[in-house]
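Participant: Before we start, here is the structure in question, set down as structure tokens.
The values are calculated or read from the model by the stated rules, or taken from the named source; none is laboratory data. All values reported here derive from a predicted model rather than from experimental measurement. Note: ideal-geometry Cβ built from the backbone for every residue, glycine included; neighbour counts use all protein chains shown. Accessible surface areas use protein heavy atoms only, side chains included; no ligands, DNA or RNA. Shrake-Rupley method; radii C 1.70, N 1.55, O 1.52, S 1.80 Å.
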Amino acid sequence: MIVSLDVIQYDDGSSTREIGFEDGAGVVSLFESLTGANPQVEEVKEPYGDAVWYRLSHFDGVSVGVDEAGHAFLSIDEAAVGGVPIRTRAGLAVGASRQEVLAAGGWDQWDADGDGVFDYLGSEPRDVEGTRSLTRPGEVGREYFLFTLDGDIVTEIQWGNDFSDI
């Protein structure tokens, strides 16, 4: 399985399916079929109110967030889901090394504990017209994969951007 910021490509051995993240229900359904399980669903409230911001479906290895418009995003915390390897288009997966992310065009994103070693790396960016970067003044905002590290090993992959502060 290969993920980009827009689609999941899944090859089941006989054909390749492509599911866009605008089809949140389809993304959840794919992971239900891969894992053979119904997810635990959590409603995440808006930061400044009681309205539901998105629903988070938890599976072993991945969580799928689906917002009210039906758009999905992933948080990946295992190298495989339902026995199927999951990686980004650059070939990065949970368990990759810091050097592998950097070699694939990644960059230092955030040093959470201030020890001088970045705990988060970014990679595979794309510009988002109509936004402004909060970290690169004067530039267009971008979306990217955000890699969480424990030491020098990727433990989670999620969607990130540099134009929203929530």
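Participant: Let me spell it out: the conditions are (1) more than 21 Å from Val28 (Cα to Cα); (2) at pLDDT below 95, and Glu68 meets all of them except one. Which number is the exception?
Facilitator: Against the list (1) more than 21 Å from Val28 (Cα to Cα); (2) at pLDDT below 95, Glu68 comes up short only on (1).
Participant: While we're on this one: Among what's in region 119-136 and is more than 18 Å from Arg98 (Cβ to Cβ) and assigned to a loop (DSSP other than H, G, I, E, B), pick the residue that is least open to solvent (accessible area, probe 1.4 Å).
Facilitator: Here the answer is Ser133.
Participant: Still on this model: Which count do you get for residues in region 34-51 that are open to solvent by 30 Å² or more (accessible area, probe 1.4 Å), touching a Ser or Thr at 6+ places or on another chain (Cβ under 7 Å) and of a type outside the set (A, V, I, L, M, F, W, C)?
Facilitator: So the count comes out to 0.
Participant: I've got another one for you. Which of the numbered conditions does Ala37 fail, given that it passes all the others? Conditions: (1) without any contact (Cβ under 8 Å) to a residue 12 or more places away in the chain; (2) out of contact with any helix residue (DSSP H, G or I) (no Cβ under 8 Å at 6 or more places or on another chain).
Facilitator: Failed condition: (1).
Participant: Right, another one. Give region 118-137 a look and list any residue that's over 20 Å from Leu5 (Cβ atoms) and at pLDDT below 95, or say none.
Facilitator: Once the filter is applied, which keeps residues that are over 20 Å from Leu5 (Cβ atoms) and at pLDDT below 95, region 118-137 yields only Pro137.
Participant: Within region 82-120, how many residues are closer than 19 Å to Val27 by Cβ and over 14 Å from the mean Cα position of the chain (by Cα)?
Facilitator: Residues that pass the stated criteria total 4.
Participant: Quick one: in region 6-57, of everything that is touching a His at 6+ places or on another chain (Cβ under 9 Å) and among the charged types (D, E, K, R), which residue is farthest from Pro125 (Cα to Cα)?
Facilitator: Result: Glu42.
Participant: Within region 3-33, take every residue that is touching a Leu at 6+ places or on another chain (Cβ under 9 Å) and in a strand (DSSP E or B) and give me the one that is surrounded by the fewest Cβ atoms within 10 Å (Cβ to Cβ).
Facilitator: By that ranking, first place goes to Arg17.
Participant: I would also like to ask the following. What is the residue count in region 137-151 for residues that are of a type in the set (D, E, K, R), outside any strand (DSSP E or B) and surrounded by fewer than 12 Cβ atoms within 10 Å (Cβ to Cβ)?
Facilitator: The total comes to 0.
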